[in-house]
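What follows is one structure encoded as structure tokens, with my remarks underneath.
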Amino acid sequence: MIRAALIAPLLLTTLLTAQVPATDSRATYLPNTDTHFATPVFTNLAAWEKRKVQLKKQILFASGLDPMPAKTPLNARVFGRIRTRDCFIEKVLIETMPGYYVGGNLYRPLDESGKHPAVLNPHGHWNYGRLENQPLYSGPNLGANLARLGFVVFAWDMVGYNDTVQTPHSFGTAPKGLAPEELWNFGPYGLQLWNAIRALDFVASLDGVDPARIGMTGASGGATQTFSLAAVDDRLSFVAPVNMISAIMQGGDVCENAPGLRVGTNNVEIAAMVAPKPMLMVSATGDWTRNTPSEEYPAIRRLYELYGKPENLETVHLDAPHNYNQANREFVYRFFAKHVLHLPDAGQITEKNADVQKLQDMLALSGQPLPAGAKTYDQIFAQWKQRVPTDAKETLRMALGVEWPDSVVSDTTTLSRPAAKDRVAYAWSDGQGAPVLVVGGTKADAPTGRPVLTVEVFKTRDQSGKHFLAFNRTDDQCRVQDVLTAMAWLHAKFPGQTVEVVGIGLQPSLQVEFAAAVAPIPLKLKIDRSAFGGTDAEYLRSFQIPGIQLAGGLAAADRLTAKMQ
């Protein structure tokens, strides 16, 4: 006989049986950087504002910036002033973290009176970085011409370029599985985003800058930095990402990707977080932004319309290869002059050839070593680790990449989250008393006579797609989710009763403990992971979860489950 308390959940499960998918989407839909994503549809402003909060958390955690590092003194060194016919140029070295230095150049207007608007200028993957000067990209011309218009411009290095040499450009990844750095979310994308935040701090602190009028523009990888910073730092007030907002390519370099960064999202949605601030979307026929006029721009414009600010979004599309050439730079000058300087003749602005300086006269470290106390790579990595989450449960949930399901549907062999279209194989045995969930074993491993749910968690799948982990959860993250899904199903089936969860073996015990640590219900655990001490090497061998150590790791899970064991 079915108890009255169980009728509603069981009826719901029966009604939704048809929704159990034939295949597990996690094994069949494996997006990567070259996937053609559907552009987002924005119809509800309140829902979008809620979504923005979620996206910001996701970006910051994937970047290794949750919790945020301390903003220590920048100890800015600004020197070597050169006067040209258009502007002043200075060398800059800032200490974005203790002992870690980023080099760049300041371009200042010749008239230094009053407060000027400013533009941050990160560069893309050009051979000479911020100092590249050729038809497809010229950092010196961009800086000088914006300064001629009255902007203070700060151009700085990607990691591993020019003066910024304490880490290589590509670091912290492994050919297969995770690298130790990825357990701490330490990688080029996050480090560059941190450097951009500190570059904004530096420019906002300058006496001649109006901190309420700071914008940003960059091309390619510099555009990724531009919309990434705009997504997480509200201080930017106008932007022009060039040749990067695309639904068909999300960034091909390690510095544009990080584990978990684009799970359930893509660059179009991330760039849309700029709205309703002024943004110029620059695209070209000869690269992955070729569909912008018909695809990405209309999608984002719909969001600007929801804000009542469609005039703040503009687009320009050139018949050109991947670039930030003179024609595109001129469109950016005009856009900034119109929206920031409010010049009546902004549409007539053209570029003047700048006095391009010798490389050695622009490099902050030309002819000199790094400052005393500069840290090695290993010291920088060690310093990155020295943070404690403010909300252990939420930060651990972000690392695990899991959710407590709103609903779980089932047929006779499979559980599924309807929205996720996943599959968890299970077997069920009736009994009396509080229910038991067994992971990694069989009914024989549960107390006798009790209702028992045994589950077979996620196996594995092909992970060869480009930057797979930026778009997909690891197998171990999927397994923890399956345990949570089973917990939720049992909780709905036996409301008011404490579910007992048994993990048989090391990996199932880890899956159970970490799932329990973020579950919102009372649980009783029976596990044995005594052979696991929580070192980086052990995680890489047995439990591959990006960011798990930065989220507090085993110590956090132990604290959150202490009363359950």
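Only the coordinates and a few stated rules stand behind these numbers; no lab work does. Small disclaimer: the values here were computed from a predicted structure and weren't measured. FYI the Cβ positions are ideal-geometry reconstructions off the backbone, even for glycines, and counts take in every protein chain you see.
Here is the list for segment 319-365: trypsin sites (Lys or Arg not before Pro) lying in DSSP coil, each with at most 14 other C-beta atoms within 10 angstrom of its C-beta, are Lys352, Lys358. Among the trypsin sites (Lys or Arg not before Pro) in segment 111-213, those placed in a DSSP loop whose Cβ has at most 11 other Cβ atoms within 10 Å are Lys176. Using the empirical formula 2.2 N^0.38 Å as the baseline, the Cα radius of gyration of segment 50-384 reaches a ratio of 0.93.
Applied to segment 217-222, the Karplus parametrisation 6.51 cos²θ - 1.76 cosθ + 1.60 on θ = phi - 60° returns per-residue 3J(HN,Hα) values of 8, x, 10, 6, x, x Hz, with x for Gly and Pro. Partners of Lys421 within straight-line reach, counting aspartates and glutamates whose Cα lies under 17 Å from its Cα and excluding those fewer than 8 residues away in the same chain: Asp24, Glu403, Asp406, Asp411, Glu456, Asp475, Asp482.
Calculated from the alpha-carbon coordinates, segment 141-184 shows an Rg and a Dmax of 17.1, 49 Å respectively. Counting only Cα atoms, I'd like the Rg/Rh figure for segment 354-424, Kirkwood definition for Rh. Result: Rg/Rh = 1.40.
Compute the Rg/Rh shape ratio of segment 220-379: radius of gyration over Kirkwood radius, all on alpha-carbon atoms. Taking Rg over the Kirkwood Rh, I get 1.03. Per residue, the average separation of C-alpha pairs within less than 8 Å and at least 6 apart gives segment 50-384 a relative contact order of 19 percent.
With contacts taken as Cα pairs under 8 Å and at least 6 residues apart, segment 223-335 reaches a relative contact order of 29 percent. In summary, the lysines within cross-link reach of Lys563, defined as a Cα separation below 19 angstrom excluding same-chain residues under 8 places away, comprise Lys393, Lys524, Lys526. Here the peptides 555-564, 438-447, 214-223 are ranked by packing, the mean other Cβ count within 10 Å, and the order with the highest first is 214-223, 438-447, 555-564. Ranking Ala486, Ser542, Gln511 by Cα position along the charge dipole of segment 483-565, where only Lys, Arg, Asp and Glu carry charges on their C-beta atoms, puts Ala486 farthest toward the positive end. The P(r) of the chain has a tail past 48 Å containing 19 percent of all C-alpha pairs. Can you count the Lys pairs in segment 50-384 with C-alpha separation below 23 Å, eight or more apart or on different chains? Summing the qualifying lysine pairs gives 21.
Set the Cα radius of gyration of segment 207-264 against 2.2 N^0.38 Å, with N its number of residues, and you get 1.25. Note on the chain: antiparallel DSSP beta bridges, both residues inside, total approximately 45 percent of the bridges counted.
Sequentially through segment 383-393, phi angles give Karplus couplings (6.51, -1.76, 1.60; θ = phi - 60°) of 5, 4, 6, 7, 9, 10, x, 7, 10, 4, 5 Hz, Gly and Pro residues having no value and appearing as x.
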